[in-house]
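The block underneath contains the structure these notes are about, expressed in structure tokens.
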Ligand code: ADP
Ligand code: MG
């Protein structure tokens, strides 16, 4: 069969042929398809349906029962729009099914609806029918125009593709069908036959037609699985290759954690490390001991104690006479880290340099000179400042705190000489496991799941205006007992339709009202970093009892005595942000109380807030957030650099992801570089799709 029609063409030519040469496509239609990103036959073949239309509840008119949702297919006999006395318009469409039964579909006041019909047009109508005298009627059914050859989709699932103007669903279905008929024979199998068997995957020639036009739901599931697996496997191969290459090319100083070094560092910590911290430290120490750059993500829920782990790693570097740098996303956090380290290392020889706002030009120059001369061991600052200005004498470790905005491709670029440094990236935004394995898939991951002992739970309330007086009473009582609290307002965006109350206004209202008896501080965006630091320091030291601020306190800020959190306009915060804010008050030995005042404006914001109130588990919230927002937010963005998934859905394909990742790692271990002949096609596919974003260089 194969090649009979086109004996002179190779398989690759058939697949690469412009869409214009597919059955039913000419130059005009080709332009329309181009707008959908479909240029070649292969593009059409691998245009996976967005969803499927289920015709399994298909009825002929004579089988209809009143009230249930059912679908009838037939031909449009006639249609008529007429006005009523009261000025309304009614459209009636008469459809004749294949047995000669009639169904009347009606629409009220949808004048443009009739443009969708033509006499003799095949359609399906889905809705709840009613018997009106002798005739069955459906009001406002869902109409789907069908191709002439889609006469009898009994029990079928029909694909639903993304559309663009100028092409209809049935037309695109027909083009895909044509492409399958013409080109399916040219499809090349990427997986060796034994591999397919072993992994329970359908061969491509069996799977592709079924994924477009499934014969039933089971077959669809198996066909879909094959492509989901393939897509995730190719990505995981890319990530594994990247890792292998980085291992081979990035030399870093080998920093062994001897028993003596370990004892000296642990002595500094005023508490026993948690089991999670110990495990993470062991993993990091093992990485640092290798002459290859570490690339590790440390994730842990807010308050799980990541800073200590980072401090440990940095001190290992310092013990070997190297420098380590800690970078934070905000000034407030950089300042806090620098204080934490100074306290921790008060009695030691370690020299800390901090590059935070408020330094005079002279002091800053001097600090930079010390770092360049190797006269500073630990360097702390914001990511922006450090990436821009600093030249290091002997940098061995880079720690990036609160890194959640970037993915696979992003790594700090630092000015340095000699070997690569080791990298430790920390995030408190719990990331759904499936996302960690893809966007951060080239990193090793350590996770802190347990909080330090003695932590009290936080109670969370969702409140409206009627609860304000009660909350401020409670808030005041706790302040009198010696606790501290935050009041957080969203950042006001100039373009907002319904402006939120600004942080200044909130502050004014509180100090002249419910909190007038207390020492209240304010941090707002137009303050200099020195001013912010001063206020933060007063709050940390307990000189201020309450702090009114925007979400600058969202990341990292650690004041264990603060146990009260008020969030204003809660609907304006994302779930991760809300969780971060609540994380500010779960750090000490007193229970925390968080109240969110909110007017949910959409279904999504209501779901977000409900989820927030229902659990304090960051990993669970991350999963909900991911499901609500969808992967679109993560993939295909400039930040992350990875192209969007075509068929896999990380919210539901977690198991296949695990499997594909395991298999990809095993394959790259057995055939580094995918050099063996039977892997040539796989290698080509990986390079074609991910070679550039993953900088796979000369593989293949
Ligand atoms: P995060 O992981 O959110 O960055 P931090 O590193 O700021 O958390 O730690 C939160 C608080 O917990 C800090 O006050 C820190 O001193 C304290 N802490 C960290 N580890 C422990 C521990 N093992 N035992 C007791 N307290 C700890
Ligand atoms: Mg932190």
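Worth pointing out:
- The range 458-615, relative contact order [Cα under 8 Å, separation at least 6], %: 32 percent
- Residue-normalised convex hull volume from the C-alpha trace of the range 458-615: 109 Å³ per residue.
- Distance histogram in 10 Å bins (all Cα pairs of the range 116-201, percent per bin): 13, 30, 27, 17, 9, 4, 0
- Over the chain, relative contact order from alpha-carbon pairs under 8 Å, at least 6 apart, %: 12 percent
- Helix axis angle, 680-690 relative to the chain longest principal axis, alpha carbon, degrees: 70 degrees
- Debye intensity ratio in log₁₀ form over the Cα atoms of the range 417-544, taken at each q of 0.11, 0.15 Å⁻¹: -0.69, -1.05
- Seen against the Cα atoms of the chain and their longest principal axis, helix 468-480 is set at about 30 degrees.
- Relative to the 2.2 N^0.38 Å rule of thumb, the range 14-95 has a C-alpha radius of gyration ratio of 1.75.
- Cα centroid separation, the range 547-620 to the range 201-240 (Å): 41 Å
- Least to most buried among 690, 423 (fewest other Cβ within 10 Å first): 423, 690
- Residues 333, 94, ranked from the fewest to the most other C-beta atoms within 10 Å, line up as 94, 333.
- Sorting 95, 44, 76 by the number of Cβ atoms found within 10 Å of their own Cβ, with the fewest placed first, yields 76, 44, 95.
- In the chain, the DSSP beta bridges split such that about 40 percent are antiparallel, to the nearest 5.
- The angle between the Cα long axis of helix 217-249 and the longest principal axis of the Cα atoms of the chain comes to about 30 degrees, rounded to the nearest 10.
- Taking the inverse of the mean reciprocal distance over all distinct Cα pairs, the Kirkwood hydrodynamic radius of the range 53-159 comes to 14.0 Å.
- Viscosity 1.002 mPa s, temperature 20 °C, Stokes-Einstein D of the chain from Kirkwood C-alpha radius, µm²/s: 72 µm²/s
- Rounded to the nearest 500, the 222 nm mean residue ellipticity of the chain from helices alone is -11000 deg cm²/dmol, with -39,500 (n - 2.57) taken per DSSP H run of at least 4 residues.
- Pairwise Cα distances in the range 219-358 exceed 20 Å for 59 percent of all pairs.
- DSSP-defined beta bridges in the range 53-159 - what % are antiparallel, rounded to 5: 85 percent
The numbers here are math on the coordinates, done by the rules we state, and not lab data. Treat the numbers as computed from the prediction; the structure is a model and nothing was measured. Heads up, the Cβs are rebuilt from the backbone with ideal geometry, glycines too, and the neighbour counts pull from every protein chain shown.
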